[in-house]
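The values are calculated or read from the model by the stated rules, or taken from the named source; none is laboratory data. All values derive from a computational prediction rather than experimental measurement. With ideal geometry, Cβ positions are generated from the backbone for all residues, glycine too; neighbour counts draw on all protein chains shown. Heavy atoms of the whole protein, side chains included, go into the accessibility calculation; ligands, DNA and RNA do not. Shrake-Rupley method; radii C 1.70, N 1.55, O 1.52, S 1.80 Å.
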Amino acid sequence: MTSATPAGRQTFHVEIIKPSHYDDDGYVIQWARAFIPSNSLAALYALVHAAGAERVLGDHVDVVPHAYDETDTVIPVRRIVRRIRAAGGQGLVLLVGVQTNQFPRAADLARQFRAAGIPVAVGGFHVSGSLAMLPDLPAELRDLLRQGVALFAGEAEGRIAPLLRDAYRGLLRPVYDYTKDLPELRGAVMPFLPPAVERRMGSTATFDAGRGCPFQCSFCTIINVHGRKSRFRDADDVERLVRAKLAQGVSRFFITDDDLARNRNWEPVLDRLIALREREGWASLKLTIQVDTQCHKVPRFIEKAVRAGCTRVFIGLESVNPENLAAAGKKQNHVAEYRAMLRAWRAGGVLTQAGYIIGFPADTPESVERDIRTVQRELPVDILEFFMLTPLPGSADHRALHEAGAWLEPDLNRYDTEHPAAEHPRMTAAEWQAAYHRAWRLYYTPEHVATLLRRARAGGARAKKVAAAVFTFFGSYRFEGVHPLQAGLFRRKVRRTRRPGLPAEHPLVFYPRRAWEILTTYTRGAVYYLWLQRLRRKVERDPAGAGYTDAATDGPAIDVGVGRRAAAEALHLGPISATGRGWFPAFAKARARRNAAALAALDRKERERSRGMPPARTPLALAPAGGGGEPGASPKCGGDVL
């Protein structure tokens with residue numbers, strides 16, 4: 001019998017879980033605080049929250065979402081089961097954003113909930129990519145179906161209400177396949193998470209300003225799930241989310257577009273953020289974005305990204321070997337132009353992070369070493385992070401291998417870009433694995449770390465920021481033994497969450513060994529950190545450091561406009577005079593009042609739009625400054641810019 005409130009109301013709990021991944025010893029990778037928030041979790045939480053507000057299950061049913069990111073949270077399986085049972089069995093567990101390497105963990109969680117009789121649905125890139133690219137369901141998905149787990153493929157905007165209604169009625173369909181029906185994003189619900197969940201992520205919020213990528217990289221799953229056409233959100237929606245987060249004290253944002261420079265609406269979005277920083281004094285607003293290697297050719301893009309607060313940019317460099325790039329379908333990557341692109345970001349003081357893939361067909365241990373030395377010598381990139389070429393389900397590479405009947409690693413947990421998952425034409429599995437480890441240690445030699453800091457001292461991102469990034473990225477690999485994209489602050493291992501099939505370790509074995517692991521890991525990390533800081537101070541004190549040049553950095557200056565300086569000066573341009581001891585608190589209060597008023601106006605405009613009323617004038621001091629406008633106004637912002 002369903003429990004109800006005194007007013008006769010019912011509660012339907014939706015438990016939204018972003019699963020983690022097992023390490024090589026079978027323990028779930030978890031941290032006291034994770035570094036990278038999950039936009040999938042934020043998107044699904046926001047969609048379920050909106051569905052509850054719309055009373056999609058009826059006026060008498062309260063839809064209550066709960067969000068968990070397993071990278072920083074031990075999933076309380078028994079508590080979730082008790083809560084749903086206390087509501088009369090009315091609830092649903094959603095395992096969201098599940099990548100291929102996370103699928104084994106997601107399946108193990110799903111089995112626990114199904115054993116307790118709780119409805120479960122699983123979605124994410126593994127499910128969506130498999131349904132989009134393979135002729136038949138793979139064995140691991142068929143196994144979940146046999147256990148009564150529903151599969152959700154595709155994007156969830158506009159599709160959550162039917163899923164919740166089916167779960168509420170106890171009539172979940174086996175498969176919800178929306179892979180060929182991509183939703184419109186303009187006016188869609190913006191991703192968000194409860195503040196308590198975001199605080200565990202270091203007060204960083206995520207959102208996607210758009211989806212879709214025009215390129216055809218053979219190893220990529222995104223183009224086969226999100227499509228190649230640019231779909232984008234309204235600038236109003238982005239501004240409303242950012243303002244709401246600023247009011248909560250969150251000022252760092254990760255825009256998760258796979259390639260923001262190919263979002264046809266990038267300029268109106270960045271103009272809104274520029275206005276917040278330069279006209280309203282939100283100089284603390286900081287962005288991390290992802291782009292392609294041709295982004296510097298998009299007129300005004302880098303200039304406006306810097307002015308909007310971009311402090312970190314991830315670039316899909318992938319390789320400096322033209323043969324490898326051609327094999328991967330990376331026609332947009334032109335090695336001869338890498339340096340100009342990196343210098344453009346460097347001129348704006350932006351930390352550059354580049355992905356580099358080990359295992360393209362032309363790679364050998366010797367060629368990998370040669371190419372990395374070329375990067376060190378020729379390219380002014382700050383952080384290089386390495387990946388092993390992995391045929392992820394949903395990619396053209398995986399489909400080609402599947403159709404050819406080639407060997408593929410049967411353990412999906414190893415599809416984490418850190419292990420060989422297919423055979424290589426020129427390297428054994430052991431040689432390939434060794435080349436991957438060698439790449440990390442070769443790039444981050446003490447000599448090259450010193451070079452990175454000297455380059456930062458002379459221009460680009462600050463030396464302190466580069467040193468912190470080196471410690472985070474190389475330190476995650478060297479001391480924690482995990483890829484930095486899986487890393488966080490202080491590793492936690494829970495004895496009871498070891499992967500099924502591996503023996504549970506006795507407490508007298510597990511805890512002493514874990515204590516020794518913690519001691520040795522963080523002692524070695526502390527020693528490296530102290531060495532890094534001493535090196536940084538030495539570089540910063542060098543009187544000739546400001547004039548340092550080398551082959552990678554020496555060249556004509558690239559003008560990216562006023563950049564971050566305008567945002568810093570904005571504090572002195574506000575309505576409160578920057579004089580006297582109490583000027584900043586007064587300025588902050590006035591800024592908060594303006595932000596609240598603009599946020600209320602944006603909310604009012606959204607309500608009018610949802611009722612089909614003519615839109616009101618856009619709030620904010622939004623007279624276009626230096627270009628910009630409505631979607632498509634920026635010339636050649638799409639794939640034809642090349």
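See the values below:
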read-out	value
Under 5 Å, built H, 5+ apart or other chain: amide partners of G124	G97, V98, G154
Most to least packed among 474-483, 307-316, 39-48 [average Cβ atoms within 10 Å]	39-48, 307-316, 474-483
Whole-Hz couplings from phi, Karplus 6.51/-1.76/1.60, listed for the stretch 444-450; x for Gly and Pro	9, 5, x, 5, 6, 4, 4
Segments 85-91, 217-223, 422-428 sorted - mean Cβ within 10 Å per residue, highest first	217-223, 85-91, 422-428
The chain, accessible surface, carbon-and-sulfur percent (1.4 angstrom probe)	55
Amide H contacts under 5 Å for A209, placed H, 5+ residues apart	T256, D257
Hypothetical label at E403: residues of the stretch 177-198 whose amide nitrogen lies under 11 Å (7 Å Cα-Cβ projection)	none
Calculated FRET efficiency for the pair E184/V527, C-beta based, R₀ 56 Å, to 0.05	0.60
Förster-model FRET efficiency, 60 Å R0, D108 and E378, C-beta, rounded to 0.05	0.85
Exposure ranking of V509, V381 by accessible area [1.4 Å probe, largest first]	V509, V381
Shape call, the stretch 249-382: gyration tensor on alpha carbons, a/c limit 1.5	prolate
Solvent accessible area, Å² - Y178, 1.4 Å probe, full protein context	40
Using θ = phi - 60° and Karplus 6.51 cos²θ - 1.76 cosθ + 1.60, couplings along the stretch 229-243 (whole Hz; Gly, Pro as x)	8, 6, 10, 9, 8, 5, 4, 4, 5, 5, 4, 4, 5, 5, 4
Read-out Cα extents along the principal axes in Å, derived from the coordinates shown; its label in (1) 136, 53, 48; (2) 81, 53, 48; (3) 77, 63, 51	(3)
The chain, helix-only ellipticity at 222 nm - DSSP H runs n ≥ 4, -39,500 (n - 2.57), divided by all residues, nearest 500	-12500 deg cm²/dmol
Cα-projected label distance for A196 with A450, points at 7 Å along beta-carbon direction, nm	5.1
R0 of 41 Å, Cβ-Cβ distance D59-D143: FRET efficiency to nearest 0.05	0.55
DSSP-defined antiparallel bridges as percent of all bridges, the chain, nearest 5	15
Where labels lie 7 Å past Cα in the beta-carbon direction, separation of A596 and D24 in nm	5.5
Linear extension gain, K229 paired with A115, 0.36 nm per residue minus alpha-carbon span	36.9 nm
Rounded accessible area of K297 (nearest 10 Å², 1.4 Å probe)	90
In sequence order, calculated HN-Hα J values of the stretch 464-472 (Karplus, 6.51, -1.76, 1.60; Hz; x Gly/Pro)	4, 5, 5, 4, 5, 5, 4, 5, 5
The stretch 27-59 versus the stretch 66-133: alpha-carbon centroid distance in Å	12
Percentage relative contact order, the stretch 317-409, counting C-alpha pairs under 8 Å, at least six apart	30
Peptide ranges 348-355, 170-177, 76-83 listed from the most packed, as the mean C-beta count within 10 angstrom indicates	348-355, 76-83, 170-177
Amide hydrogen neighbours beyond the local backbone of T204, cut-off 5 Å, H modeled	none
